[in-house]
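The next block holds one structure in the form of structure tokens; read it before the comments.
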Amino acid sequence: MKRAVRGLDHVVVMVDGIDAAQAAYERLGFQVQPRGFHRKLGTANHLMIFERDYFEILGIVEDTEFNAERRAWLRGGGGLANVALATDGADLAYNAFRAAGLQPDAPLSFDRAVEIGGRTEHARFMTVRVPKSHMPVVGFFVCQHLTPQFVYRHEWASHPNGARGILGVTVIAEQPVSWIGELQRYFGADAVRGEGEGLAVDTGTQPIRYLTRDAYAARYPGIVPVRPDDHPALLRLRVENLADCEALLRKRDVALLKPDSERLLVPPGLAAGLTLEFAER
């Protein structure tokens, strides 16, 4: 059966200074894809591709009507801004979101050029954005890949730090329960459950967790969030071997935090405003 939302596709990290952000992620052991440009949107990006998902750093290169919210996010401190949801069709998602009362914008199509085997191809997408009035802290949108063969390529999914994919997203929210209704509109009535004072959201693939600021501080000791307000704060990534990842990062003089034997934390100041958590599962 086709579904309007079938999990997490990628996340978007807004950066003020895309050159510095690119260098930061290369230092952290990622294979960073060459810069792409969304001419229609006035943005430029770099991707870190995995087998079934990815994350991108995104910068503004020209003010346009399509990036006004992104510019506002940067003015507030930047960091992880959006979670893009996988879909079986942008039109399907648009109709489902309208029926749920989320007031989505009409599907938007755009592309960016990519170099593959010495040839220029165009990766094409169709997205459906939901306005800020219905964003449960996270800016959700759906992303339909019209040319997935120009995005998900095996040779791009090999990273020196051993990263293999996204394990989940953590959101700081002072009152997590206040977002239950909105989250159910996206993911369904049975997709949201309580975890202590927080929430765990089943997106269909990787979970999104909502923690209070105190719970976040306890879970991630030593990490100071980049924003004072509620915001998506952390990306959890799966690595093939945590010890190998740690060795590479320490060799590169990355100031890691290691709260226990099963995870490594990279503070947001070293990752363009995003806290990274590396784990094997």
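Of the candidates 7, 42, the single residue that is over 13 Å from the mean Cα position of the chain (by Cα) and surrounded by 16 or more Cβ atoms within 10 Å (Cβ to Cβ) is 42.
Restricting the first member to segment 147-159 and to residues that are polar (S, T, N, Q), and the second to residues that are open to solvent by less than 60 Å² (accessible area, probe 1.4 Å), the beta-carbon pairs closer than 6 Å and six or more apart or on different chains are 147/123. For segment 222-258, filtering for residues that are open to solvent by 20 Å² or more (accessible area, probe 1.4 Å), hydrophobic (A, V, I, L, M, F, W, C) and in contact (Cβ under 8 Å) with a residue 40 or more places away in the chain leaves 3. Scanning segment 171-187 for residues that are surrounded by 16 or more Cβ atoms within 10 Å (Cβ to Cβ) and either in contact with a Phe, Trp or Tyr (Cβ under 7 Å, 6 or more places away or on another chain) or in a loop (DSSP other than H, G, I, E, B) (or both) yields 171, 172, 173, 176, 179, 186.
The residues of segment 133-167 that are assigned to a strand (DSSP E or B), open to solvent by 40 Å² or more (accessible area, probe 1.4 Å) and touching a helix residue (DSSP H, G or I) at 6+ places or on another chain (Cβ under 8 Å) amount to a single one, 144. Inclusion of residue 53 among residues that are open to solvent by less than 20 Å² (accessible area, probe 1.4 Å) and at pLDDT 95 or above is warranted.
Here is the figure for segment 1-15: residues that are without any contact (Cβ under 8 Å) to a residue 40 or more places away in the chain and either under 14 Å from residue 129 (Cα atoms) or among the aromatic types (Phe, Trp, Tyr) (or both) total 0. Please verify whether segment 111-126 includes one or more residues that are under 19 Å from residue 45 (Cα atoms), out of contact with any Cys (no Cβ under 7 Å at 6 or more places or on another chain), of a type in the set (Val, Ile, Thr) and open to solvent by 60 Å² or more (accessible area, probe 1.4 Å). Scanning segment 111-126, I find at least one residue that is under 19 Å from residue 45 (Cα atoms), out of contact with any Cys (no Cβ under 7 Å at 6 or more places or on another chain), of a type in the set (Val, Ile, Thr) and open to solvent by 60 Å² or more (accessible area, probe 1.4 Å), so the answer is yes. Of a type in the set (Asp, Glu), more than 15 Å from the chain's Cα centre (by Cα), open to solvent by 40 Å² or more (accessible area, probe 1.4 Å) and farther than 26 Å from residue 242 by Cβ: is that true of residue 202 in this structure? No; evaluated as a whole, the condition is false for this residue.
In segment 60-100, which residue that is under 19 Å from the mean Cα position of the chain (by Cα) and among the β-branched types (Val, Ile, Thr) is surrounded by the fewest Cβ atoms within 10 Å (Cβ to Cβ)? Looking at residues that are under 19 Å from the mean Cα position of the chain (by Cα) and among the β-branched types (Val, Ile, Thr), I get 60.
The values are calculated or read from the model by the stated rules, or taken from the named source; none is laboratory data. Small disclaimer: the values here were computed from a predicted structure and weren't measured. Because the Cβ atoms are built from the backbone with ideal geometry, glycine has one as well, and the counts that use them run over all protein chains shown. Areas reflect the complete protein model, heavy atoms only, side chains present, ligands, DNA and RNA absent. Shrake-Rupley method; radii C 1.70, N 1.55, O 1.52, S 1.80 Å.
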